[in-house]
There are 2 protein chains.
Amino acid sequence: MPATLSALRAGTGRRLLAAFRGEQTDRVPVWFMRQAGRALPEYRALRADLDLVSMTHRPELVAEVTAQPVRRYGVDAAILFSDIVSPLEAIGVELAIRPGVGPVIASPLRTPADLRVLRPFEPDLDAPWLGQAVRLCTAELDVPVIGFVGGPFTLASYLVEGGPSKAQEHTRALMLSDERTWRALLDALCDIALASAAAQVAAGADAVQVFDSWIGSLSPDHYERYVLPVVRRLFDGLAGLGVPRVYFGVGTGHLLELMARAQPDVLGVDWRVPIELARARVPATIALQGNLDPTICLAPWQIVEAEALSLLGRAPARGYVFNLGHGVLPATSPATMQRLVELVHSQSVRNE
Amino acid sequence: MPATLSALRAGTGRRLLAAFRGEQTDRVPVWFMRQAGRALPEYRALRADLDLVSMTHRPELVAEVTAQPVRRYGVDAAILFSDIVSPLEAIGVELAIRPGVGPVIASPLRTPADLRVLRPFEPDLDAPWLGQAVRLCTAELDVPVIGFVGGPFTLASYLVEGGPSKAQEHTRALMLSDERTWRALLDALCDIALASAAAQVAAGADAVQVFDSWIGSLSPDHYERYVLPVVRRLFDGLAGLGVPRVYFGVGTGHLLELMARAQPDVLGVDWRVPIELARARVPATIALQGNLDPTICLAPWQIVEAEALSLLGRAPARGYVFNLGHGVLPATSPATMQRLVELVHSQSVRNE
């Protein structure tokens, strides 16, 4: 690693991990969910005719796409370019990731017998490209690399519905009707996520984020009964990896206290809950990440600026990472995201 | 009206309106959003090849479809079979209602000039079938008929996106970027909703529900700033009609207090917020309606029963109407919904 990059890794590079640990930092660290990909012209040029699954199998491409937003925006973290269904594809689940749609599963899982497809994930054998990609990223980048996995409920919903779904009705009918199959399904997905996270961290990933995007559709009672036990097991397992663990879902304002019971190091919050209310509701030992409404970034700069400053003014002085409340929207101007990073970095952190 | 029906209207028929007014009732009244249509075989037989828009233009069909769930389930209310975009179609907005998708608008509104299509709605001239359908329903049915309109934000999102949308990004970009056009758009939609509601009540509708399905995507700050003012104007206007006014949106746990500021008579709550927490957060002068997770109705009966009894045990003793937290899902068995109505009606109301 060149001296300058090494120095950067020690300086800027430490900001994110310090905030993840609940410490005060010189500036508020900032990165964006889905910062790699979609919104960047250099990504679209690179991707051209390749489908997303093929891209994830080419470590040099993954490393390049992962690095693009770091170069352009100056964010404090890279997040591995991948998809939460990648480990499923690696163990042989037939699927495609359709642009503008998301993962589509060829044969949705509906019966106990269907679960046989979920064999254990052995990253070294099933997806050697995964570790290679992380190693290329950490070697090239001067900021921490965040690895990621899908939350068991969210992966289950893709597998059972056959793709993205508004009401996830087959998934939730299975959950309520056949608890034994449900537990087996979530346990298998938890093990797959643990194996994937372990491989990413072994290859150098500095943190792991669990994307449990669709848990917000559950009532607190159902989340606690049918999902939280396996999420606790997942976070307990991730703790053994020794890196900060982030937990994120969309529309989870009614679940924050329960999600906190999985004891993540960091809770990602979407834009529906004002950050100061989230801070009041989540134990102080858990750092927060979020939560600018991504549609705000489609507005003129003065609106983005005012909203970002408002958020910074209400956010905790320590243990806080600036992010969007969900992924960067494809129509977002890269210039806006770059100015947003500059704005966040230009602000002094309040003393407590 | 035959004597038996008249007697029923005076008995069962009063239950819903009493609960809407916050009064105690002999039994908890129950009806289901989307009870008419999709899930009923007699509806599918009737509809056959007709598209939904054509159906709404035929009062005798609308009355029949509206009556079907009352006959089959024994619910305490009918809700007019219609769609929230019907008044838009009636004033000439080119649209289709696609099965499994929802309303699709031929030319999405994006500029101030595009708003010209939203001329005032004159129900007697533009949609004579609307009043005729309500008159047929109220003449035939022994339970109250609930009329309904779309909330301005939700209608705006269909018009601006061109159809249903996950992130509503064009809508919210317009909202943030061009407040003048935004206000004009919402004001026009508010006037259209008021005209539609007035026509339905003049024809005999006993209550009006405002379906503002998609407001849950907004942060409290944005809802308060960009949407609540017009919703207040809408509810103020509806007050002049002299019937109970219900306000409902999906995923609105973070907005309940703000929605209550529009002073509806009844607030519809989705399943994400436990009903006893909703009761604690909403002023006691406002009745509550909800909130069984509709996916529960896809589970075996013993699950439905346990969940419904749990809800009834936690629900307020007065000023409460049993409903789902969103519409009946198409795959729901009518037998389940019938048993659910019987179950609700079999329970004694707790004394306060």
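The values are calculated or read from the model by the stated rules, or taken from the named source; none is laboratory data. Since the model is a prediction, treat every value here as computed from it, not as a measurement. Virtual Cβ from ideal backbone geometry, glycine too; neighbours counted across all protein chains shown.
Among the residues of segment A:312-327, write down those that are crowded, with 23+ Cβ neighbours inside 10 Å and either within 13 Å of chain B (Cβ to nearest Cβ) or modelled with pLDDT under 95 (or both).
Listed by number, the residues that qualify are A:LEU324, A:GLY325, A:HIS326.
For segment A:331-343, give me each residue that is within 14 Å of chain B (Cβ to nearest Cβ) and either in a helix (DSSP H, G or I) or in contact with a Gly (Cβ under 8 Å, 6 or more places away or on another chain) (or both).
Pass one, segment A:331-343, residues within 14 Å of chain B (Cβ to nearest Cβ): A:331-333, A:336.
Correct list: A:THR336 only.
Across segment A:260-304, which residue is nearest to the chain's Cα centre (by Cα) among those that are of a type in the set (Gly, Ala, Ser) and more than 10 Å from every other protein chain (Cβ to nearest Cβ)?
Here is the first cut: in segment A:260-304, the residues of a type in the set (Gly, Ala, Ser) are A:260, A:262, A:268, A:278, A:280, A:284, A:287, A:290, A:299.
Among the residues that remain, those that are also more than 10 Å from every other protein chain (Cβ to nearest Cβ) are: A:260, A:262, A:268, A:278, A:280, A:284, A:287, A:290.
Details: A:ALA260: 16, A:ALA262: 16, A:GLY268: 9, A:ALA278: 19, A:ALA280: 23, A:ALA284: 21, A:ALA287: 15, A:GLY290: 12 Å.
Checking each candidate, the answer is A:GLY268.
I need the full set of residues from segment B:234-269 which are closer than 23 Å to B:SER165 by Cα, touching a residue at least 40 places away in the same chain (Cβ under 8 Å) and assigned to a loop (DSSP other than H, G, I, E, B), in order please.
Of everything in segment B:234-269, those that are closer than 23 Å to B:SER165 by Cα, touching a residue at least 40 places away in the same chain (Cβ under 8 Å) and assigned to a loop (DSSP other than H, G, I, E, B) turn out to be B:GLY249, B:VAL250, B:LEU255, B:VAL269.
Which of (1) closer than 25 Å to B:PRO244 by Cβ; (2) buried (at least 16 other Cβ atoms within 10 Å of the Cβ) does B:ALA139 not meet, given it meets every other one?
Condition not satisfied by B:ALA139: (2).
Any residue in segment B:79-105 that is within 14 Å of B:SER157 (Cβ to Cβ) sitting within a Cβ distance under 7 Å of a residue that is acidic (Asp, Glu) and not in a helix (DSSP H, G or I)? List the pairs, counting only those 6 or more apart or interchain.
B:PRO103/B:ASP83
Among (1) touching a Pro at 6+ places or on another chain (Cβ under 6 Å); (2) surrounded by 22 or more Cβ atoms within 10 Å (Cβ to Cβ), there is one condition B:PHE153 misses while meeting the rest; what is its number?
B:PHE153 satisfies every listed condition except (1).
Answer with yes or no whether B:VAL231 is more than 21 Å from A:LEU324 (Cα to Cα), within 14 Å of the chain's Cα centre (by Cα) and either more than 14 Å from chain A (Cβ to nearest Cβ) or touching a residue at least 24 places away in the same chain (Cβ under 8 Å) (or both).
Numbers: more than 21 Å from A:LEU324 (Cα to Cα): yes; within 14 Å of the chain's Cα centre (by Cα): no; either more than 14 Å from chain A (Cβ to nearest Cβ) or touching a residue at least 24 places away in the same chain (Cβ under 8 Å) (or both): yes.
Here the answer is no, as B:VAL231 does not meet what is asked.
Under 16 Å from B:ALA197 (Cα atoms), touching a Gly at 6+ places or on another chain (Cβ under 9 Å) and surrounded by 15 or more Cβ atoms within 10 Å (Cβ to Cβ): is that true of B:VAL104 in this structure?
On the way: under 16 Å from B:ALA197 (Cα atoms): no; touching a Gly at 6+ places or on another chain (Cβ under 9 Å): yes; surrounded by 15 or more Cβ atoms within 10 Å (Cβ to Cβ): yes.
Against the criterion (under 16 Å from B:ALA197 (Cα atoms), touching a Gly at 6+ places or on another chain (Cβ under 9 Å) and surrounded by 15 or more Cβ atoms within 10 Å (Cβ to Cβ)), B:VAL104 does not qualify.
Given (1) modelled with pLDDT under 95; (2) in contact with a Ser or Thr (Cβ under 9 Å, 6 or more places away or on another chain); (3) closer than 24 Å to B:VAL62 by Cα, where does B:ALA167 come up short, assuming only one miss?
(3)
For segment B:256-271, enumerate the residues that are touching a Gly at 6+ places or on another chain (Cβ under 9 Å) and surrounded by fewer than 23 Cβ atoms within 10 Å (Cβ to Cβ). Reasoning before the result, please.
Restricting attention to segment B:256-271, the residues satisfying the condition of being touching a Gly at 6+ places or on another chain (Cβ under 9 Å) are B:259, B:265-271.
Residue satisfying the conditions is B:ASP265 alone.
Answer yes or no as to whether B:PRO220 is away from chain A (no Cβ under 12 Å) and not small (Gly, Ala, Ser). Quick ask: steps written out before the conclusion?
Values: away from chain A (no Cβ under 12 Å): no; not small (Gly, Ala, Ser): yes.
No; evaluated as a whole, the condition is false for this residue.
Which of (1) within 27 Å of A:VAL321 (Cα to Cα); (2) assigned to a helix (DSSP H, G or I); (3) at pLDDT below 95 is the odd one out, the single condition A:VAL62 does not satisfy?
If we test A:VAL62 against (1) within 27 Å of A:VAL321 (Cα to Cα); (2) assigned to a helix (DSSP H, G or I); (3) at pLDDT below 95, just (3) comes out false.
If the requirement is being surrounded by 20 or more Cβ atoms within 10 Å (Cβ to Cβ), farther than 13 Å from B:GLN263 by Cβ and not small (Gly, Ala, Ser), which of these qualifies: B:ASP221, B:ASP212? Before you say what the answer is, go through the steps one by one.
On the way: B:ASP221 fails: surrounded by 20 or more Cβ atoms within 10 Å (Cβ to Cβ).
Answer to the selection: B:ASP212.
From the list A:VAL282, A:VAL304, A:VAL246, which one is among the β-branched types (Val, Ile, Thr) and closer than 18 Å to A:ALA18 by Cβ? Talk me through it step by step, then tell me what you get.
Numbers: A:VAL282 fails: closer than 18 Å to A:ALA18 by Cβ; A:VAL304 fails: closer than 18 Å to A:ALA18 by Cβ.
Of A:VAL282, A:VAL304, A:VAL246, the one residue that is among the β-branched types (Val, Ile, Thr) and closer than 18 Å to A:ALA18 by Cβ is A:VAL246.
Does B:GLY151 count as more than 14 Å from chain A (Cβ to nearest Cβ), touching a residue at least 12 places away in the same chain (Cβ under 8 Å) and either over 25 Å from A:LEU292 (Cα atoms) or not acidic (Asp, Glu) (or both)? If you could, list the steps in order and put the result at the bottom.
Numbers: more than 14 Å from chain A (Cβ to nearest Cβ): yes; touching a residue at least 12 places away in the same chain (Cβ under 8 Å): yes; either over 25 Å from A:LEU292 (Cα atoms) or not acidic (Asp, Glu) (or both): yes.
Taking the combined requirement at face value, the residue satisfies it.
Considering only segment A:38-59, state which residues are surrounded by fewer than 20 Cβ atoms within 10 Å (Cβ to Cβ) and in a loop (DSSP other than H, G, I, E, B).
A:ARG38, A:ALA48, A:ASP49, A:LEU50, A:ASP51, A:HIS57, A:ARG58
For segment B:154-182, what are the residues that are among the small types (Gly, Ala, Ser), touching a residue at least 40 places away in the same chain (Cβ under 8 Å) and more than 15 Å from B:LEU218 (Cβ to Cβ)?
Correct list: B:GLY162, B:GLY163.
Every residue in segment A:282-323 that is among the aliphatic types (A, V, I, L, M) and over 19 Å from B:ARG225 (Cα atoms), please. Break it down into steps so the answer makes sense when it comes.
Our first condition is that a residue be among the aliphatic types (A, V, I, L, M); within segment A:282-323, this holds for A:282, A:284, A:286-288, A:292, A:296, A:298-299, A:303-304, A:306, A:308-309, A:311-312, A:315, A:317, A:321.
Those that are among the aliphatic types (A, V, I, L, M) and over 19 Å from B:ARG225 (Cα atoms): A:VAL282, A:ALA284, A:ILE286, A:ALA287, A:LEU288, A:LEU312, A:ALA315, A:ALA317, A:VAL321.
Out of segment A:330-352, which residues are crowded, with 16+ Cβ neighbours inside 10 Å and of a type outside the set (D, E, K, R)?
Within segment A:330-352, A:THR332, A:PRO334, A:THR336, A:MET337, A:LEU340, A:VAL341, A:LEU343, A:VAL344, A:HIS345, A:VAL349 meet the criteria.
Hey, could you check segment B:169-205 for residues that are surrounded by fewer than 24 Cβ atoms within 10 Å (Cβ to Cβ) and among the charged types (D, E, K, R) and say which is farthest from the other protein chains (Cβ to nearest Cβ)?
So the residue we want is B:ASP191.
Which residues, taken from segment B:234-259, are within 14 Å of chain A (Cβ to nearest Cβ) and under 18 Å from the mean Cα position of the chain (by Cα)?
As a first pass, look at segment B:234-259 and keep what is within 14 Å of chain A (Cβ to nearest Cβ): B:249-259.
Once the filter is applied, which keeps residues that are within 14 Å of chain A (Cβ to nearest Cβ) and under 18 Å from the mean Cα position of the chain (by Cα), segment B:234-259 yields B:GLY249, B:VAL250, B:GLY251, B:THR252, B:GLY253, B:LEU255, B:LEU256, B:MET259.
Only one of (1) under 24 Å from B:TYR43 (Cα atoms); (2) free of Cβ contacts under 8 Å to residues at least 40 places away in the same chain fails for B:GLU305. Which number is that?
(1)
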